[in-house]
1. Given the -39500 (n - 2.57) contribution per DSSP H run of 4+ residues, what per-residue ellipticity at 222 nm results for the chain, rounded to the nearest 500 deg cm²/dmol?
2. If each residue's Cβ is checked for other Cβ atoms within 10 Å, how do Trp223, Trp214, Trp164, Trp18 rank with the fewest at the top?
3. Charges at C-beta only: +1 for Lys and Arg, -1 for Asp and Glu. How large is the resulting dipole of the stretch 20-219 about its Cα centre, in Debye rounded to 20?
4. What's the angle, to the nearest 10 degrees (0 to 90), between helix 159-169's Cα axis and the longest principal axis of the chain?
5. Place a label point 7 angstrom from the Cα of Arg219 along the Cα-to-Cβ direction, then list the residues of the stretch 93-116 whose backbone nitrogen is under 15 Å away.
6. Suppose every K and R has +1 on its Cβ and every D and E has -1 on its Cβ; what is the size of the dipole of the stretch 130-189 about the Cα centre, in Debye to the nearest 20?
7. Based on Cα positions only, what radius of gyration and what Dmax would you give for the stretch 1-147, in angstroms?
8. Cross-link candidates for Lys39: which aspartates and glutamates have Cα within less than 15 Å, leaving aside residues fewer than 8 places away along the same chain?
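Rule-based calculations on the coordinates, nothing more; no lab input. The structure presented is a predicted model; accordingly, all values stated were derived computationally and were not measured. Counting neighbours? That spans all protein chains shown, and the Cβs are built from the backbone with ideal geometry, glycine included.
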Amino acid sequence: MSAGGFSDRLREEVSSIWERIFTHPFLVEMGEARLPLDKFRFYVRQDYSYLMEFARCLGIAAAKAEERETMRTFASLLEASLTVEVEMLEGLAERLGIPPEDLRASEPAPTNEAYTCHLLYVAYSGTVGEIMAAMLPCMWSYQEIGERMGEDAALWRHPIYSEWCSTYRSKEYIDLVDLYRGLVDRFASESGASVRERMRRHFLLSSRYEYLFWDMAYRKETWPV
């Protein structure tokens, strides 16, 4: 796989997986404003836990960056992750009756644990390009979810779900996704074939975990033992 248009080809390869994400009952019911709030509360707690590890991966990427400007870019992505998404979840948690201390103490469900372990493994063992490729499906798929879900008029009558969706339709968030994609394309162009293949595999696995994360939230997954 050559480097030109790398992220576009990654997206094309996982189109069937992402379509399963977009049609998952959690997102369909949320878009129709009929998802039970207990499922969404579970999701908020799990996503908060996930985003803490996601931010940690950005910190590791910043430490691995070889150029000052790249280091600064990762630092800005880390700050944006903590403000755009984390602060939104904290606000929703308050409205949902989840105390701040309970939100911060949220224990990851099995799928959440596996997904973040995958991201952290790539962060500690991989190149900065591999880290970005592993993290991109989360950012990018949420943008597309926001675009699709926002087309359903019922969503905008729900004060909680509409606020969540608005975050992922915002210009600020779309600009972040463009930056992530640009970094993936840049690092792919600077890497050899073996690194690009690892980037491809990480993107694929993270896309699969994205589907499993929504399924986990819908089932309110717990440890069986």
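1. Using -39500 (n - 2.57) per qualifying helix, the result is -25000 deg cm²/dmol.
2. Final ranking by Cβ density, sparse to dense: Trp223, Trp18, Trp214, Trp164.
3. For this selection, approximately 440 debye.
4. The angle comes out near 10 degrees.
5. 109-115
6. 60 debye
7. 16.5, 49
8. Lys39 reaches Glu29, Asp47, Asp215, Glu221.
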